[in-house]
Amino acid sequence: MMTDTSDDGRKTLRFESDKGSTRSRWVAGGLAVAIIGWMGSGYILPSDDTAPIAESKAPKVVTVAVRRSVAESVDQVFVAEGQALPDRDTVIRAETSGQVAELLVDKGAMLEAGQVIARLDTAARRSDLTRAKEELKRAQREYDNASALVERGVATVDRVAEARATLAAAEAGVSSAEEAIKDTEIRAPFAGRLETLDIDEREFVSTGADIGRIVDNTPLTIRIQIPQQSRRDIKVGQTAEVAFITGESGTGNVKFVGTSADTETRTFLAEIEVANEDGAIPAGISAQLRIPTAELTAHFVSPAILSLDTDGTLGIKTVNADNIVEFHEISIVRAQTDGIWVSGLPGDTQIISIGQGFVNDGETVNPQADEDEALTSPSEPVPDEPKTEAQAKGNGQIIATSPETDIPSDQPGTAPKKGTIR
């Protein structure tokens with residue numbers, strides 16, 4: 001041990017010369033050399049039992065169910081909601097005033113054209129007719145006397161002209177009195193059903209007063225609004241299938257298509273005439289119309305198989321001959337209660353019916369035939385249930401919604417996109 005004295009007189013102890021004072025340094029240096037040597041030994045003396053690097057496994061191919069579909073010819077249909085209107089609907093008015101003397105029909109009666117509905121009291125008018133006829137006789141005698149006197153040279157021509165004018169006025173008075181009596185008979189202007197009758201016997205009615213309403217619904221007229229994008233597809237003379245909200249159905253023909261759009265809705269008025277010979281279909285009810293506009297080639301599929309790509313495009317996934325998935329953008333041509341008709345697919349193709357939500361365009365898959373019975377087109381299209389008048393504001397459009405999907409719960413399907421049919 002050594003002792004050093006500093007300038008301020010303090011003494012400092014030093015132990016470098018003591019035995020064992022450098023032992024810790026040698027131990028630390030040896031450990032550092034040993035660690036470095038152990039780390040570098042792997043490069044100089046490689047081990048013989050090095051574990052082999054695990055090889056990457058190839059991705060497993062997804063198995064999907066496919067169903068063969070062959071395109072068929074199908075009519076492109078314009079669908080719209082409308083209201084059934086009668087062919088003629090008129091208010092019956094009294095042509096003269098008077099007291100109701102007789103009612104000949106009841107409300108709801110089927111009337112022929114010109115049939116008498118009621119008669120007004122004619123006592124005063126028959127008196128007027130008697131007076132007019134007597135005046136006519138007097139005027140006729142005056143004219144005959146004036147004519148005879150002119151032939152004898154006693155009367156002047158002016159007297160004959162005056163008598164002739166008086167005779168014409170008397171004839172007009174008789175005609176007016178007879179017409180007034182005819183006006184007391186209230187008649188049906190055309191054949192139809194008497195919907196309302198607002199008068200009773202012994203009741204006084206005024207000239208021009210409403211006494212009832214007659215409706216002729218043979219044929220019916222269905223009035224619809226056509227969107228401007230569908231205006232060119234609807235033409236006069238086309239056949240239309242009509243389904244009424246009451247359950248009746250029929251066929252009609254387009255008889256009018258407007259050429260000027262409504263300023264607020266930008267739609268065109270169209271009218272379809274439907275025969276209703278027995279009058280069984282009432283007027284004023286809602287109806288759905290289906291008008292074939294063109295013939296296209298399309299596939300009949302279930303809405304459950306529709307998919308969306310990354311851009312939100314509606315389409316269907318198919319499998320080609322090399323087992324590669326292909327996404328086809330489609331358009332909905334026609335919707336029915338049991339399926340939809342779509343275009344945009346190859347004529348003969350394998351559609352992925354189960355598992356389309358787990359594969360993407362360009363992937364290789366293991367296609368297996370769908371064990372379920374293939375979806376085939378029905379022999380007769382089933383029209384959609386007609387909507388009420390409040391639901392019929394979006395005329396010319398149908399939203400194709402998918403029925404409940406048959407994909408198992410552990411294989412969720414892709415929700416179909418709504419499509420507009422024109």
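What the table shows:
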quantity: Looking only at the stretch 184-198, and only at residues there that are buried (at least 17 other Cβ atoms within 10 Å of the Cβ) and touching a Leu at 6+ places or on another chain (Cβ under 7 Å), the one that is farthest from GLU95 (Cα to Cα); calculated: GLY192
quantity: Members of the stretch 187-239 found to be among the charged types (D, E, K, R) and more than 20 Å from THR96 (Cα to Cα), listed by number; calculated: ARG193, GLU195, ASP216, ARG223, ARG231, ARG232, ASP233, LYS235
quantity: Failed condition for GLY37, given (1) within 30 Å of PHE190 (Cα to Cα); (2) modelled with pLDDT under 90; calculated: (1)
quantity: Scan of the stretch 333-351 for residues that are among the β-branched types (Val, Ile, Thr) and open to solvent by less than 20 Å² (accessible area, probe 1.4 Å), ordered by number; calculated: VAL333, ILE340, VAL342, THR349, ILE351
quantity: Residue tally, condition open to solvent by 70 Å² or more (accessible area, probe 1.4 Å) and among the polar types (S, T, N, Q), over the stretch 100-127; calculated: 0
quantity: Verdict on VAL157 being surrounded by fewer than 18 Cβ atoms within 10 Å (Cβ to Cβ) and touching an Asp or Glu at 6+ places or on another chain (Cβ under 7 Å); calculated: no
quantity: Lone qualifier among ALA148, ALA169 - being open to solvent by 60 Å² or more (accessible area, probe 1.4 Å), out of contact with any Phe, Trp or Tyr (no Cβ under 7 Å at 6 or more places or on another chain) and among the hydrophobic types (A, V, I, L, M, F, W, C); calculated: ALA169
quantity: Selection within the stretch 68-77 - buried (at least 21 other Cβ atoms within 10 Å of the Cβ) and modelled with pLDDT of 90 or more; calculated: SER69
quantity: Selection status of GLN350, closer than 13 Å to VAL301 by Cβ and modelled with pLDDT under 90; calculated: no
quantity: Selected residue [open to solvent by 20 Å² or more (accessible area, probe 1.4 Å), of a type in the set (Lys, Arg) and closer than 16 Å to PRO86 by Cβ] from LYS255, LYS235; calculated: LYS255
quantity: Some residue of the stretch 281-300 being more than 30 Å from ILE351 (Cα to Cα), touching an Asp or Glu at 6+ places or on another chain (Cβ under 9 Å), without any contact (Cβ under 8 Å) to a residue 24 or more places away in the chain and open to solvent by 10 Å² or more (accessible area, probe 1.4 Å); calculated: no
quantity: Single match in LEU269, LEU308 (criterion: closer than 28 Å to GLN228 by Cα, hydrophobic (A, V, I, L, M, F, W, C), open to solvent by 40 Å² or more (accessible area, probe 1.4 Å) and touching a residue at least 12 places away in the same chain (Cβ under 8 Å)); calculated: LEU269
quantity: From the options ALA374, ALA392, residue that is touching an Asp or Glu at 6+ places or on another chain (Cβ under 6 Å) and either at pLDDT below 85 or open to solvent by 80 Å² or more (accessible area, probe 1.4 Å) (or both); calculated: ALA392
quantity: Hits in the stretch 200-232 (condition: charged (D, E, K, R) and loosely packed, with under 12 Cβ neighbours inside 10 Å); calculated: ASP200, GLU201, ARG202, ARG232
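The values are calculated or read from the model by the stated rules, or taken from the named source; none is laboratory data. Remember, it's a predicted structure, so these values are computed and weren't measured experimentally. Counting neighbours? That spans all protein chains shown, and the Cβs are built from the backbone with ideal geometry, glycine included. Heads up: the accessible areas ignore ligands, DNA and RNA and are worked out on the full protein's heavy atoms, side chains in. Shrake-Rupley method; radii C 1.70, N 1.55, O 1.52, S 1.80 Å.
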